[in-house]
Amino acid sequence: MADSWLEQGIFSDSINYLAMETTPIMATVGPMLENVISELGGEVPSKVLAAKIAAKDVVERMVSGDIDLMKGANFLYWDIHHEVTDELPDGKYFGANLGFEHIFCWLREIWDCQDGSMILYYTDLPREQAEQKFLEHLKDEAEKWLESKS
């Protein structure tokens, strides 16, 4: 990202330092990225706002097919949802804090289908076919989530 900014003529000392990181890890580059945002006159978003921005980007990419549905849904679950549950508790349903409860419903069905656990829907179908149905529902719910954020 820093390389791309430099190629576009966007420069700050922090971007330069960030571009020099050969093995970036979040603990190191996170504060550097915050410095970049500040140096460019932006405002560092809160953890919850950053999660919402990232979530919208991931769901848009899931719906467009730019990333695999399961890869995107797993990212929403592990890397976004779990990161904000202290600041934004779930409430009645798991994932409801960011509106992912329906997406996570189908994600869990796919996990159960893949690992041989009991599935709740399409039990009359072979697992491969049930998994395809779950993926269709997952995409439908991602589209609905995205529409609700427009």
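Placing unit charges on each Cβ (+1 for Lys and Arg, -1 for Asp and Glu) gives region 22-78 a dipole about its Cα centre, and among 35, 49, 22 the Cα reaching farthest toward its positive end belongs to 49. Annotation: lysines with alpha-carbon distance below 23 angstrom to residue 47 (same-chain offsets under eight excluded): 56, 71, 92, 149. The calculated FRET efficiency for the pair residue 144 and residue 38, based on their C-beta separation and a Förster distance of 25 Å, comes to about 0.10.
Measure off 7 Å from each Cα along the Cα-to-Cβ vector at residue 48 and residue 23, then give the distance between these two points in nanometres to one decimal. Distance between the two pseudo-spin positions: 3.8 nm. Each pair of Cα atoms in region 13-150 enters the Kirkwood radius, and Stokes-Einstein at 25 °C and 0.890 mPa s then converts it into a translational diffusion coefficient of 146 µm²/s.
Its residue count N sets the reference 2.2 N^0.38 Å, and the alpha-carbon radius of gyration of region 1-89 equals 1.23 times that reference.
Working ranking of peptides 95-108, 6-19, 134-147 by packing, defined as the average number of other Cβ atoms within 10 Å per residue, highest first, is 95-108, 134-147, 6-19.
The numbers here are math on the coordinates, done by the rules we state, and not lab data. Small disclaimer: the values here were computed from a predicted structure and weren't measured. For neighbour counting, all protein chains shown are included, and Cβ atoms are generated from backbone atoms with ideal geometry for every residue, glycine included.
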